[in-house]
Amino acid sequence: LCRRWFPRYTVGFAIACLQVVGAGFSLWVPFTPDMLANRMSITLTVLLTLVAGNAARPPVIESVPYPTLHDHYAQCMLFFVASVIAMANIFVFTTCWGMYRGSGPNDGLSNYDYFDEDLKMVVNTLSDRWWCEDGPLLTSKGDFIVLVLTSAFLLLTNIVILIIAQLHRFTELLRVKHLVDAPDRKPSEHSKLVMCTPSGFFEELRRDDILGFIGYVNIIPQARFFWKIWRCCRKIQQGLCRCSTPAGPSGFHPLDSVKLLDEASDRARTSGTAAAEMGRLSVKMSASDTIRLLDVGSGEMGFYTYWYDQASERVRVEGISDPKLKYDKGKTFADMFVTSEDGASLLHDEFVKRFKLEDGGAPTTRGMARGVASFVGKGIRGGVNVGASPLRAVAAAMTDSDTLPGAVAVESDEAASPLVSAARDRDESPHAEQAERVNYVVMCLTGANRQLLRDDETGLKQLADLVASLNVLVRRYRIEVVSHFPQDIDEAMYELMATEWVVQNGDLDVSGFKLSPVYRTLKGGRPDASVALDEVTSEFADLHADADLAAMYRRAASAWSSRDSQAGDEGVDIVKDPTTNAPSEATVIAAELKQVPCMAVYHAFESDPKLMRSLLRARMFAGTLSAGSGSSQVTLRRAEGLDSSQVHSIPLGNRTPLVSMKLTAGLEEAFFAKDRPRTRVKARELLFGQAPFHETRPAWSEDGPVEPRRLKLWHDLVEACAAEAHLPTQQRGLFVGISAVYHAAAESKCDGRILDRDEFLEHLERRRDELVADGSTSGRALSNITLVIALVRSVLHKGAWIVCKRKWKIGKGDHCTDFLATWTLGMYLKQSGVLNGRVEAASAKPGRGSRGSRGSTG
């Protein structure tokens, strides 16, 4: 952003100052009977000019709904002219000249006119008050005081406005720099924000060079001196007001930008949540493995099994049609399984039933040797209390520490007994590895489980106990359980991968979708020109579908040649195959040599659903919209690749207005941050009662009717939070609505279809109005529909498209499989190599033969 202050803004502010000075010229109007009229005519003219100037805002802020610094400046000028200069003129006239003049003697309190015998003329007298006497600059003393006030006002106003503008500029641009540099997972020496010098050259700055940065963006000279004064004033303020607290991540303060940047860099280095690092799993997955994923949510668990069917060359899945395991009322996963005495046994029974496990024999020698070695080592050090629980002691010893990032790992002792080490070493042959190979069950703990188990030392130990005990019980099935804590960004990125995959390979209905002019770019957009196959494949190279493009081109050539033959064209003779009645290969080749009109290619392209889905995936698919019970997310896909995609979220879900929630630090920051005034007002009115605030209150019951006023307030709260949390806006392209967004579309009978934004919103608003008019008891449905309406309206451009679909059919006939675009599918596609085309390589490895069905060992 390059903003030229001179002459556009500088001259604009100077004109406003000159108008105030022009109003001050009225103070030189002499004392005459028409003094007030003359003075007020000047003042009124300046007032009208200021009003007109204030009404015509600069184009940059013309549509901004709130007053800006530019508006405040014009309002100050208007207020001073109307309240000071105009009132001073009235005061001087009434007190010095007088509203009603008499003809009697001057008593010092009233003014009068008399005939001077010596001068032979009528003489006007003034009041004897001191401000009516002659003053400096050929004005009265009262007028001179007003001139001094006017000069002081202009000087102070411009100084204050410049200081406020400088503070605002530093704050906002340093916030932008922080947003650009803070998420950098591999911080470099220089900032990603490149500066443009006044001479037009670009210059890189050091990442932590804040003083150098403000030297480029300052308004007032001596930016370093200004920075020091600001820091000193802040320290004084904090010393006088002990109640002030340091700014948090949302309450960004520019003076803390270096510290906040260092903290963000430390978090980026230590956390394993980055999308670019999702491949760093110490458990090796391949396409020839059967991967079982346990999605442990805050209120329910899903059991999914993924594998690659070599016979059909398709990914297969089980478990998506089965109902999820819901926890007992008022209980969490930790209550039911982690802290419960029989938790491992209960979870084992669910594994056997839902994963359809079959007994694969006794535990392997290698696994037993590893477990005994670990157990012996721990026993030597006294690290295991054998007397407390032998089962859990052996289980803890047998748990492998080679697990996913964030997985519960039990420390092993490399200095095990020589006897056990020898037994372990004898079992390291490739044949032993092939015979004893196990599959993994990845227990992925999401939502509140991260806080209850990962971030709590006691909970983490209890989870380690559960996993260890569970591994003892399931060892007979030749599987091993490992725990994993995917972060929000992991889930969002995996979800995006899964969605892109099902859009490409699924049964998305594209029959009503046509190529817009922006994609009709062959031969420079000329529809009547002819094009060759190599030009078509080059133009659509980003689709990575050369074989499909070649087949489409042949169909277009065949159709065009057949039409020309029927019309009597002398171009190409059609020789048809007697068995298929289709143009022969020679005819098609002749047509290819002659080239095909672009319109014929476009028509054949539109009639090919697979190519249309490829186009949607490659050029139009922009991201996903999702919502849950406690948050809503927008994931934006970038052209650079999935690893560079962005995830944005707000802490509002479809259950937020339905349940009471404890006001944690995160929620307090989301609802009451200083930079979210609209969210704060709406949240207090809808979700909170009287202060002090300790928890939210339900705005309406889940199975009760909803007042239209509260529904409107909920809609406004979501929109305010989306705007003030800086959710992306005016996004174009095709978005896929999943999770609660899909359920809102299904409730409104508009799921499974590609709709433009406004048509999609019409369906949702119509259903919402129907539920409200009927007095429906679907409180959660209304909450969800209203949430999605506000979210879609805040994020999508009116030219964007959206499709909400839950089940995607992939394959044909007996090989057709239903998929859900969940993050577990994305995790399997990414980690197994299916997404990256590593299927053949994985299948060719020793000991990993092809597998047409799962079997007990996967």
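The values are calculated or read from the model by the stated rules, or taken from the named source; none is laboratory data. Please read all numbers here as calculations on a predicted model, not as lab measurements. Please note: Cβ atoms are built from the backbone with ideal geometry, for glycine as well, and neighbour counts cover all protein chains shown. Heads up: the accessible areas ignore ligands, DNA and RNA and are worked out on the full protein's heavy atoms, side chains in. Shrake-Rupley method; radii C 1.70, N 1.55, O 1.52, S 1.80 Å.
Which one of these does SER794 not meet: (1) small (Gly, Ala, Ser); (2) part of a strand (DSSP E or B); (3) under 17 Å from HIS715 (Cβ atoms)?
Against the list (1) small (Gly, Ala, Ser); (2) part of a strand (DSSP E or B); (3) under 17 Å from HIS715 (Cβ atoms), SER794 comes up short only on (2).
Please verify whether LEU543 is among the aliphatic types (A, V, I, L, M), within 37 Å of the chain's Cα centre (by Cα) and surrounded by 14 or more Cβ atoms within 10 Å (Cβ to Cβ), treating the condition exactly as stated.
Taking the combined requirement at face value, the residue satisfies it.
Restricting the search to segment 19-54, which residues are open to solvent by 80 Å² or more (accessible area, probe 1.4 Å) and aliphatic (A, V, I, L, M)?
LEU44, LEU48, listed by residue number.
Can you name the residue in segment 471-516 that is among the basic types (Lys, Arg) and not in a helix (DSSP H, G or I) and, of all such residues, is most open to solvent (accessible area, probe 1.4 Å)?
Just the residues of segment 471-516 that are among the basic types (Lys, Arg), to begin with: 475-476, 478, 514.
Restricting the remaining residues to those that are not in a helix (DSSP H, G or I) gives 478, 514.
Values: ARG478: 33, LYS514: 120 Å².
Checked segment 471-516; the qualifying residue most open to solvent (accessible area, probe 1.4 Å) is LYS514.
If I filter segment 245-271 down to residues being over 12 Å from HIS178 (Cβ atoms) and open to solvent by 50 Å² or more (accessible area, probe 1.4 Å), which single residue comes out as modelled with the highest pLDDT?
It comes out as ASP266.
Residues to consider are ALA746, ALA773; find the one that is open to solvent by 60 Å² or more (accessible area, probe 1.4 Å) and either charged (D, E, K, R) or farther than 23 Å from ALA720 by Cα (or both).
Every option except ALA773 fails the conditions.
Does GLU341 qualify as being at pLDDT 85 or above, under 23 Å from LYS461 (Cβ atoms) and over 30 Å from the mean Cα position of the chain (by Cα)? Step through it out loud before you land on a result.
Details: at pLDDT 85 or above: yes; under 23 Å from LYS461 (Cβ atoms): yes; over 30 Å from the mean Cα position of the chain (by Cα): yes.
So GLU341 fits the description; yes.
Looking at GLY799, GLY737, which is the one that is under 21 Å from the mean Cα position of the chain (by Cα) and over 27 Å from ASP490 (Cα atoms)? Step through it out loud before you land on a result.
On the way: GLY737 fails: over 27 Å from ASP490 (Cα atoms).
GLY799 is the lone residue from the list that is under 21 Å from the mean Cα position of the chain (by Cα) and over 27 Å from ASP490 (Cα atoms).
Quick one: which residue in SER530, SER558 is touching a strand residue (DSSP E or B) at 6+ places or on another chain (Cβ under 9 Å), polar (S, T, N, Q) and free of Cβ contacts under 8 Å to residues at least 60 places away in the same chain?
Going through SER530, SER558 in turn, the sole match is SER558.
LYS674 is checked against (1) open to solvent by 60 Å² or more (accessible area, probe 1.4 Å); (2) part of a loop (DSSP other than H, G, I, E, B); (3) at pLDDT 85 or above and fails just one. What number does that condition carry?
Looking at each condition in turn, LYS674 falls short on (3).
Of the residues GLY53, GLY98, which single one is modelled with pLDDT under 85 and over 30 Å from ARG169 (Cα atoms)?
GLY98
Just name the residue that is nearest to LYS514 (Cα to Cα) out of those in segment 747-766 that are among the acidic types (Asp, Glu) and under 23 Å from the mean Cα position of the chain (by Cα).
Among residues in segment 747-766 that are among the acidic types (Asp, Glu) and under 23 Å from the mean Cα position of the chain (by Cα), the one nearest to LYS514 (Cα to Cα) is ASP756.
Can you tell me which residues in segment 28-40 are modelled with pLDDT under 90 and either in contact with a Leu (Cβ under 7 Å, 6 or more places away or on another chain) or not charged (D, E, K, R) (or both)? Break it down into steps so the answer makes sense when it comes.
Quick first cut of segment 28-40, residues modelled with pLDDT under 90 only: 30-36.
Within segment 28-40, PRO30, PHE31, THR32, PRO33, MET35, LEU36 qualify.
Which residue pairs have Cβ atoms under 6 Å apart, sit 6 or more places apart or on different chains, and have a first residue in segment 762-788 that is within 13 Å of ALA746 (Cα to Cα) and a second that is open to solvent by 50 Å² or more (accessible area, probe 1.4 Å) and not in a helix (DSSP H, G or I)?
Nothing qualifies.
Would you point out the residue of segment 319-355, among those that are free of Cβ contacts under 8 Å to residues at least 40 places away in the same chain and closer than 25 Å to VAL834 by Cα, that is least open to solvent (accessible area, probe 1.4 Å)? Before you say what the answer is, go through the steps one by one.
Residues of segment 319-355 that are free of Cβ contacts under 8 Å to residues at least 40 places away in the same chain, as a first pass: 319, 322-331, 335-336, 340-342, 346, 349, 353.
The next check asks that each one be closer than 25 Å to VAL834 by Cα; those that pass are 319, 322.
Numbers: GLY319: 17, ASP322: 71 Å².
Looking at residues that are free of Cβ contacts under 8 Å to residues at least 40 places away in the same chain and closer than 25 Å to VAL834 by Cα, I get GLY319.
Have a look at ILE785, ILE789, ILE754, ILE802 and point out the one that is modelled with pLDDT of 85 or more and open to solvent by 10 Å² or more (accessible area, probe 1.4 Å). Reasoning before the result, please.
Numbers: ILE785 fails: open to solvent by 10 Å² or more (accessible area, probe 1.4 Å); ILE789 fails: open to solvent by 10 Å² or more (accessible area, probe 1.4 Å); ILE802 fails: open to solvent by 10 Å² or more (accessible area, probe 1.4 Å).
Checking each option against the conditions leaves just ILE754.
If ARG709 passes every condition in (1) open to solvent by 40 Å² or more (accessible area, probe 1.4 Å); (2) touching a residue at least 24 places away in the same chain (Cβ under 8 Å); (3) assigned to a helix (DSSP H, G or I) but one, which one does it miss?
Checking ARG709 against (1) open to solvent by 40 Å² or more (accessible area, probe 1.4 Å); (2) touching a residue at least 24 places away in the same chain (Cβ under 8 Å); (3) assigned to a helix (DSSP H, G or I), the one that fails is (2).
Among the residues of segment 119-141, which ones are open to solvent by 20 Å² or more (accessible area, probe 1.4 Å), modelled with pLDDT of 70 or more and outside any loop (DSSP other than H, G, I, E, B)?
TRP130, TRP131, ASP134, PRO136, LEU137, LEU138, LYS141
Would you say MET87 is open to solvent by 40 Å² or more (accessible area, probe 1.4 Å), part of a helix (DSSP H, G or I) and not charged (D, E, K, R)? If you could, list the steps in order and put the result at the bottom.
On the way: open to solvent by 40 Å² or more (accessible area, probe 1.4 Å): yes; part of a helix (DSSP H, G or I): yes; not charged (D, E, K, R): yes.
Here the answer is yes, as MET87 does meet what is asked.
Quick one: which of LEU549, LEU611, LEU616, LEU625 is open to solvent by less than 30 Å² (accessible area, probe 1.4 Å), under 29 Å from PHE735 (Cα atoms) and at pLDDT below 85?
LEU616
Tell me which residues, restricted to segment 522-542, are modelled with pLDDT under 85 and either touching a Phe, Trp or Tyr at 6+ places or on another chain (Cβ under 7 Å) or not small (Gly, Ala, Ser) (or both).
LYS523, ARG526, PRO527, ASP528, ASP542
Looking only at segment 448-463, count how many residues are in contact (Cβ under 8 Å) with a residue 24 or more places away in the chain and in a loop (DSSP other than H, G, I, E, B). Before you say what the answer is, go through the steps one by one.
Residues of segment 448-463 in contact (Cβ under 8 Å) with a residue 24 or more places away in the chain: 448-450, 452-454, 459-460, 462-463.
This time we only want the ones that are in a loop (DSSP other than H, G, I, E, B), so: 448.
The number of residues fulfilling the criteria is 1.
State yes or no: is ASP751 in contact (Cβ under 8 Å) with a residue 12 or more places away in the chain and under 23 Å from ALA492 (Cβ atoms)?
Here the answer is yes, as ASP751 does meet what is asked.
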